[in-house]
1. Condition first: hydrophobic (A, V, I, L, M, F, W, C), modelled with pLDDT of 95 or more and under 25 Å from B:D61 (Cα atoms). Can you find one or more residues in region C:65-73 that meet it?
2. Go through (1) closer than 23 Å to A:A99 by Cα; (2) β-branched (V, I, T); (3) within 10 Å of chain B (Cβ to nearest Cβ) one by one and return the number of the condition C:I9 breaks.
3. With a cut-off of at least 1 residues that are more than 12 Å from chain A (Cβ to nearest Cβ) and either in contact with a strand residue (DSSP E or B) (Cβ under 8 Å, 6 or more places away or on another chain) or among the hydrophobic types (A, V, I, L, M, F, W, C) (or both), name the strands (runs of 3 or more DSSP E) lying wholly within region C:59-143.
4. Could you check region A:86-100 and list, in sequence order, the residues that are farther than 16 Å from C:Q121 by Cβ and either modelled with pLDDT under 95 or surrounded by fewer than 22 Cβ atoms within 10 Å (Cβ to Cβ) (or both)?
5. Looking at region B:48-63, which of the residues that are of a type in the set (A, V, I, L, M, F, W, C) and crowded, with 20+ Cβ neighbours inside 10 Å is nearest to B:P109 (Cα to Cα)?
6. Take the conditions buried (at least 16 other Cβ atoms within 10 Å of the Cβ), aromatic (F, W, Y) and under 21 Å from A:H96 (Cβ atoms) and apply them to C:Y66. Does it pass?
7. Considering only residues of region C:35-47 that are in contact with a Pro (Cβ under 9 Å, 6 or more places away or on another chain) and within 12 Å of chain B (Cβ to nearest Cβ), which is surrounded by the most Cβ atoms within 10 Å (Cβ to Cβ)?
8. Can you go through A:G53, A:G41 and tell me which one is touching a helix residue (DSSP H, G or I) at 6+ places or on another chain (Cβ under 6 Å), under 30 Å from B:L43 (Cα atoms), small (G, A, S) and outside any loop (DSSP other than H, G, I, E, B)?
Amino acid sequence: MFSGSQDMIVQKEITLQGYKRGYHLITSLIVNALDSMPEKGILNIHVKHTSAGITLNENADPSVRYDFNTFLNDMVPEGYSGFTHTTEGSDDMPAHLKASIIGQNITVPITNHCLNLGTWQGIYFCEFRNYGGSRKLVLTIYS
Amino acid sequence: MFSGSQDMIVQKEITLQGYKRGYHLITSLIVNALDSMPEKGILNIHVKHTSAGITLNENADPSVRYDFNTFLNDMVPEGYSGFTHTTEGSDDMPAHLKASIIGQNITVPITNHCLNLGTWQGIYFCEFRNYGGSRKLVLTIYS
Amino acid sequence: MFSGSQDMIVQKEITLQGYKRGYHLITSLIVNALDSMPEKGILNIHVKHTSAGITLNENADPSVRYDFNTFLNDMVPEGYSGFTHTTEGSDDMPAHLKASIIGQNITVPITNHCLNLGTWQGIYFCEFRNYGGSRKLVLTIYS
């Protein structure tokens, strides 16, 4: 039932190396990982982890990413007394919760062979662990 | 590599005019913006801004949208002492955070030429700024 | 305009029966509901409700799902004094808010005829009501 359409999908897995805890602008990295984009389409970006996330936000002023870190660390605090899942470190359970609050995948439009983001929109890779190590993303383009 | 499939994608950019801060039901507006929908497919709705969002929620009782506003303003307060990104107004940094917590794009199924939403599901446009001005959305239908 | 492509889409509606309030691993249930998956593609999972959600998170230790419940019940408390939408029970308005914070649909990649999730990623069905009853999900595969 899935015959005849596989030429319209381009899929690629990439590895991010050791980002530190925080919010990192990876728009250029994503665009450079893709050889080309179709005239029209969508790009799905999927993070293959449960303590990291992906979102879109302000691409200009680094203070926005700084404040993301401060606020979300406060909103989902490491010292929360109700946590029972604590054996993997105090940063682990908050990281799981943030991953589901922020999300682990996004789907964005492609128009005229470019990501059709707003002027101020950039792609944030969100590393919620202190030492997350390398992270894998799956990029899928539909055209 | 992207040849031969562009006839299955319909893409359209629309502009929303000056919604006030809060949560606004735009299901009809979205449906009316689309000339037609395929028998089966998906619709991706992307907000091209970093201080507005889109989500699905209760389409009947306006008190739900009212309570969204009250609760989220409290959850991400303007007076939060940790914010450093403050030059664009006290409503700016909370708006960025809400945009990533609620999300800026959704992908919903199309079945029998209609959005396949639940009985009580409507599309909320979420304006997080006091004066956000006009806002652009990209609609992409795959069939 | 939508001719000639409908053979690449498989769409199915499934019903989940009476999950109790909390976070439930449904990866196997989803995979079993699909007859087959394409070599490459995406799967969109859409929850047709405004007081339930879907997300990806840790698939191994049940304590993560337990802590999700504790923390999110605390983050969006039933007793919040600002709620005006209270006629459907004290668990209703928090459920609406959680549905938009966690999200009601996800789109995940398919590679080599399998969901391309990370080793530790599972699909969580999130029941936010005390007695949510049966719940409908729409699964759409693009290939």
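The values are calculated or read from the model by the stated rules, or taken from the named source; none is laboratory data. Quick caveat, the model's predicted, so the values are computed rather than measured. When we count neighbours, we look across all protein chains shown, and the Cβ atoms used for this are built from the backbone with ideal geometry, even at glycine. The area values use the complete protein model at the heavy-atom level, side chains included, leaving out ligands, DNA and RNA. Shrake-Rupley method; radii C 1.70, N 1.55, O 1.52, S 1.80 Å.
1. yes
2. Result: C:I9 fails condition (1) only.
3. It comes to C:121-127, C:135-142.
4. Those that are farther than 16 Å from C:Q121 by Cβ and either modelled with pLDDT under 95 or surrounded by fewer than 22 Cβ atoms within 10 Å (Cβ to Cβ) (or both): A:T86, A:T87, A:G89, A:S90, A:D91.
5. Once the filter is applied, the top-ranked residue is B:L56.
6. Judged against the criteria, C:Y66 is a match.
7. Residue satisfying both the conditions and the ranking: C:I42.
8. Going through A:G53, A:G41 in turn, the sole match is A:G53.
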